[in-house]
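The values are calculated or read from the model by the stated rules, or taken from the named source; none is laboratory data. Source: prediction; values computed, not measured. When we count neighbours, we look across all protein chains shown, and the Cβ atoms used for this are built from the backbone with ideal geometry, even at glycine.
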Amino acid sequence: MSTVSRGGLRRTRRNRGGMSRNAGSDVKAAYLFIAPAIIGFTVFVVYPLIRSFYLSLTKYNGLTDPVFVGLSNFRRLFTVDPAFWPSLRATAYLVLLYVPLSLILGLALAMFCNQRFAGVRLVRTLAYLPVVLPAIATITLWKFIMNPQVGLLNTILERLHLPTSLWLQSPAMSMPSVVLVMLWGVGGTMIIFLAALQAVPNELYEAARVDGAGAWSVFVRITLPMISPIMLLQVILQTTAALQTFNQPKILTNGGPGFSTNVLMLSIYNNGFPNLGRIPQLGYASAQVWVLFILIIAVIALTAKFTSLWTYSDNTPD
Amino acid sequence: MTTLPTEAAAPVVPATEPPAPRPQKKPRLVGTTAWYVTALFICAVMVVPLLWMITIGLKSRTAVFDIPPKLLPTEWTWSNFVNGPEAIHFPRLLLNSTIITALSVVGGVMTAMMAGYALARLRFPGRKVWFYLFVGSMLLPGVVGLIPLFQLYKSIGWYDTWLPLIVPAFLGGNPLFIFLARQYFLAIPYSIDEAAKIDGAGHFRIFTQVMLPLTRPAWITMSILAFQASWNDFLNPLVYLYSSEKWPLSVGMASFISAFAGQTPDWSYYMATNLLYMLPPLIVFFAAQRYFIQGLGALGSTNQK
Amino acid sequence: MKHTFIATALACAGLLTATACSGDDSGGGSVDGPVTVTVMTWESAQTNAAIKKALAEFKDDNITVELLDTPSGNFGDKLASLTQAKKLPDLFWCGNDTEQQYTTQGLLVDWTDKINEGDGDFKADKFVPSAMENWKTADGQMGGLPSLMNAYGVWYNADAFKAAGLAEPKAGWTWDEMYAAAANLANKNGAKYGLVADQLTGPDGPFTMGMYSVSAGGAPFTDNVNHPTKAEADAKYTEGVQKLVDAVKNGSVAPPGYDASNVQSLFAAGKVPMMFGGQWLAAGFQTDKPKVKYGFAPFPQVETPATLFDSVGICTPQYTKNQDATFKVLEYINTKVWDAVLPASPVAPPAYTPAQTSYYDALTKAQQTTVVDTVKADLAAEKTVGVRFTTQWAQQVGDLTTASYQPIISGKKPISDLQTYVGKINDLIKQGG
């Protein structure tokens, strides 16, 4: 490759820092640029996959060497363990409550804030505020808000003569309470939907208005399809995140009355990192990890499979 | 439910100031009132818990458990705001959080931008493969790595240090950022690259002096997201750190409210400190609000390629 | 006595270093020169401060004692982490179950010889005998020494009882009287439940219920919590469970799932008329000074007195640098430190009987006479039941309890399921985990 610069007296700089202009150096440079990411990929993706699968077939307490036990961890998980099926149920309950509600509320809030009223920016900022606050700060705050005796919720409900609840301490209400705490941060979803809404070209709305379409029609025929790629992304992201929820159950209820909030992630943590001198069961916890992993992959695959049916993607450039 | 017309074909713009006022019709009054009532409700839901937190922070320890609870404190225990943080060792935790977060943010953004640049603008064999691998690794739940990495860190002596929290960021630990970076880089016309190469700049110079300034919204957004992710991280420091003086704020604060041997945690101290705990992210948010909204908007409106 | 100890220790140290023993993983290696012995407790900040002060009085040329700072709320997590990191301090507070599990895994130093042939007064026979028994593993090893005894009973709000015209609980009261009082006091004066009994409705519930059957002449839930051979729920036991189920149903006793972490404050504010609890709350109440007059009564009985029995102690990991030095500090803690700490912070009666007087004196001085009486009665009780299994598979029992026993108490499952539950536990016992 020629190193003479075109059109001029400029001095070429060859091999500056080992990176020159030709195609070969492109490759070198590229790999240098993504080297950290490649290392990260190997160490944090490939290694854990292999190692955790191996561990799930062993009995391992973290101090002595793992002992191979074959599939007995999985057998115990599915047949003997009284905590496993309840934890699956709790996880499913959380996902089924949280994901649809957060998407609906997020979209509703976004549409609400997408209007031209004075003060809409304030509402938007305030709605987003809980997302900005540290997660632990809000979770612990809500734990006390939901205290049945002295918490804010019951205090307000009593003043309004509405029925109160035991919230986190009631087996029936514990999971809805956890989901309520999670929904307080719906502002994040709102912002994303807001951006998506504002990317919808106005000509479409104008054309619809000219055609005399009603608000509902506009929503279903124009808004929803136009934001469907984002909706899909949000469904996938929210579902996988919800399946791995840990902070809220751990801090609010630590498994809750009975097993009502003992989601799989919490069960994994309690088995792998038990406290007060109980012996860790890292092999067993790894088996649970793989169940969760398969679950997540299944959800993503299923959602992706149905995308072509209901999303609209406009591939025209710019 | 629909936006009013703005300038035609405008690029993605976050919600801006209202246009010139239009003539009001009668039904609009009801709609407007409804909107404001709902807005008030929403604001209340978001803000009242925080106000209540402040009142608890102002109550004395025993007044907190008065039944029926009074909404406003009778004695204003301002000292809680001094004693609480002290009891929780707040300054130390704050310092820990700051260091861990700062390093994580720098590492995460830097390596993501580098990787995104290479994937978007450099031609090399395996370009597509690596991209799909990185994006595919977004599907890997963090929990899969929890136990193997815990054992790994233990065996190399990183247990109870900050390294497990910081080093993954420096090794491209967040594939979402790589994805975002690549998106941004793809949007930059190649002619700029060409011009810089003509000027004789090597890749490194192109990257730092040309590309980075151009993609400022991207890495500012990424910094904010990385900041939030690290500041909020609870499970990882919980697993990897057991010395209380090494804890970041998240673990330190959570452990303060866990009861042990029947002793109730001191909620008034806790709420007072909680307020302080909330301040740094709030400050960051208000300072960089614009970039944040804009950046998230990019996530909301980019085409998938 | 102490001098010869030091002399022999130094001589051993000299010999061992002379034989070039690396002494870092082979337990019991002695190191020449000054040694630091680290101690970790789960006591509150105030008690820890007092312990620190007392430890400063430990005078030995070669040994410095360092008390590690542990926020009490996270002791369990910290213990687990330190175990994994192989960095346990030389002396750490541990429960009986931790000691049993860790010893069987070979993680702890066996003190049997030292405590049986120790010099002077610090010998096995000066400890509460049942505590010593419980701290031995199946093959006679002792991975730690009991330090403090736990006595459990019912804390009651004397003012509430007086206002309702009820007789105060005292030794010899019956379960029926307790449930009646709970029903009477529920929903009065801001109290929702008449009795909060986390021990009866929580994961340890089945064991606590054993008190009822033992007191009625029946069988306990299990024959031995350390080395169980069977679990059973006989007719008397079932009767006790039924009474609890009824009490939960009519709202006088807090149901399973009730968050007990705030109960102490609620009790001090007078919003909980009765609560099951341990004697250590006395120390907390001394600093908190509840608004109400309160007392501590032994558990109710059916025919003869029965109580729960528990002791906590101090353990040492295998890799401690100097076993002799550690044992010396251990001896000091069990003998002298409690004398200094308990008067200000009477957390529990020591297991080492000569040190118990300071505890009782401290309580009497603080006018907690009911506590003194109850604790003395508990320690002298003939019929005791263990608090929970201490075996390796104990956690699985907890899961079974949550899945089967607690729904019975809440009324969600019929009481006939009790036998299925017991059957599953027997399966676990047979399997040995």
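Checked against the criterion of being part of a loop (DSSP other than H, G, I, E, B), at negative phi, within 14 Å of chain A (Cβ to nearest Cβ) and among the aliphatic types (A, V, I, L, M), the candidates C:Ala191, C:Ala233 yield just one match: C:Ala191. Test of understanding: among B:Ala169, B:Ala115, B:Ala102, which residue is modelled with pLDDT of 85 or more and within 7 Å of another protein chain (Cβ to nearest Cβ)? On inspection, the qualifying residue turns out to be B:Ala115.
The set of residues from the stretch C:361-415 being surrounded by fewer than 19 Cβ atoms within 10 Å (Cβ to Cβ) and hydroxyl-bearing (Ser, Thr, Tyr) comprises C:Thr364, C:Thr369, C:Ser410. Per the listing A:Gly256, A:Gly212, the residue uniquely assigned to a loop (DSSP other than H, G, I, E, B), of a type outside the set (A, V, I, L, M), on the phi > 0 side of the Ramachandran plot and within 14 Å of chain C (Cβ to nearest Cβ) is A:Gly256.
The selection criterion, being more than 11 Å from chain A (Cβ to nearest Cβ), crowded, with 21+ Cβ neighbours inside 10 Å and either within 29 Å of C:Gln264 (Cβ to Cβ) or within 23 Å of the chain's Cα centre (by Cα) (or both), holds for B:Met222.
So that you can scan it fast, the table gives a plain yes or no per residue for (1) among the β-branched types (Val, Ile, Thr); (2) assigned by TED's automatic domain parsing to the domain that holds C:Pro298; (3) touching a residue at least 24 places away in the same chain (Cβ under 8 Å):
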{"position": "C:Thr326", "(1), (2), (3)": "yes, no, yes"}
{"position": "C:Tyr332", "(1), (2), (3)": "no, no, yes"}
{"position": "C:Val337", "(1), (2), (3)": "yes, no, yes"}
{"position": "C:Pro350", "(1), (2), (3)": "no, no, yes"}
{"position": "C:Thr353", "(1), (2), (3)": "yes, no, yes"}
{"position": "C:Gln356", "(1), (2), (3)": "no, no, no"}
{"position": "C:Tyr359", "(1), (2), (3)": "no, no, no"}
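Considering only residues that are buried (at least 16 other Cβ atoms within 10 Å of the Cβ) and small (Gly, Ala, Ser), which ones fall in the stretch C:41-70? Selection gives C:Ser44, C:Ala50, C:Ala54. Take the conditions (1) modelled with pLDDT of 90 or more; (2) more than 19 Å from the chain's Cα centre (by Cα); (3) buried (at least 22 other Cβ atoms within 10 Å of the Cβ); C:Lys271 misses just one of them, which is (1). Any residue that is out of contact with any Ser or Thr (no Cβ under 6 Å at 6 or more places or on another chain), over 18 Å from B:Pro237 (Cα atoms) and without any contact (Cβ under 8 Å) to a residue 60 or more places away in the chain - is there at least one of those in the stretch A:262-281? Scanning the stretch A:262-281 turns up at least one residue that is out of contact with any Ser or Thr (no Cβ under 6 Å at 6 or more places or on another chain), over 18 Å from B:Pro237 (Cα atoms) and without any contact (Cβ under 8 Å) to a residue 60 or more places away in the chain. Is the stretch B:251-274 home to any residue that is touching a residue at least 60 places away in the same chain (Cβ under 8 Å), away from chain C (no Cβ under 14 Å), of a type outside the set (Lys, Arg) and not in a helix (DSSP H, G or I)? Among the residues of the stretch B:251-274, not one is touching a residue at least 60 places away in the same chain (Cβ under 8 Å), away from chain C (no Cβ under 14 Å), of a type outside the set (Lys, Arg) and not in a helix (DSSP H, G or I), which makes the answer no. Evaluation of C:Lys114 against the conditions (1) touching a residue at least 60 places away in the same chain (Cβ under 8 Å); (2) basic (Lys, Arg); (3) loosely packed, with under 15 Cβ neighbours inside 10 Å shows that the sole unmet condition is (3). Checking A:Phe112, A:Phe193 one by one, the residue that is within 16 Å of the chain's Cα centre (by Cα) and in the same structural domain as A:Asn262 (by TED's automatic domain parsing) is A:Phe193 and no other.
Screening C:Pro256, C:Pro220, C:Pro206, C:Pro169 for residues that are out of contact with any Asp or Glu (no Cβ under 7 Å at 6 or more places or on another chain) and more than 23 Å from C:Pro407 (Cβ to Cβ) leaves exactly one candidate, C:Pro169. Return yes when C:Ala191 is over 26 Å from C:Ser130 (Cβ atoms), free of Cβ contacts under 8 Å to residues at least 60 places away in the same chain and buried (at least 22 other Cβ atoms within 10 Å of the Cβ) and no when it is not. So C:Ala191 does not fit the description; no.
Sub-9 Å Cβ pairs linking a first residue in the stretch C:237-248 that is outside the structural domain of C:Tyr421 (by TED's automatic domain parsing) to a second residue that is acidic (Asp, Glu) and crowded, with 22+ Cβ neighbours inside 10 Å, at least 6 apart or interchain, number zero. Scanning the stretch A:138-180 for residues that are in contact (Cβ under 8 Å) with a residue 12 or more places away in the chain, within 14 Å of chain B (Cβ to nearest Cβ), surrounded by fewer than 22 Cβ atoms within 10 Å (Cβ to Cβ) and outside any helix (DSSP H, G or I) yields A:Pro148, A:Gly151, A:Thr164.
A count restricted to the stretch B:156-177 and to residues that are hydrophobic (A, V, I, L, M, F, W, C), in a loop (DSSP other than H, G, I, E, B) and buried (at least 19 other Cβ atoms within 10 Å of the Cβ) stands at 1.
Yes/no matrix, rows are residues, columns are (1) surrounded by fewer than 16 Cβ atoms within 10 Å (Cβ to Cβ); (2) in contact (Cβ under 8 Å) with a residue 40 or more places away in the chain:
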{"residue": "B:Ala63", "(1), (2)": "no, yes"}
{"residue": "B:Pro73", "(1), (2)": "no, no"}
{"residue": "B:Ser79", "(1), (2)": "yes, no"}
{"residue": "B:Ser104", "(1), (2)": "no, yes"}
{"residue": "B:Met110", "(1), (2)": "no, yes"}
{"residue": "B:Val135", "(1), (2)": "yes, yes"}
{"residue": "B:Leu139", "(1), (2)": "yes, no"}
{"residue": "B:Pro148", "(1), (2)": "no, no"}
{"residue": "B:Leu152", "(1), (2)": "no, no"}
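Counting residues in the stretch B:112-119 that are small (Gly, Ala, Ser) and surrounded by fewer than 22 Cβ atoms within 10 Å (Cβ to Cβ) gives zero.
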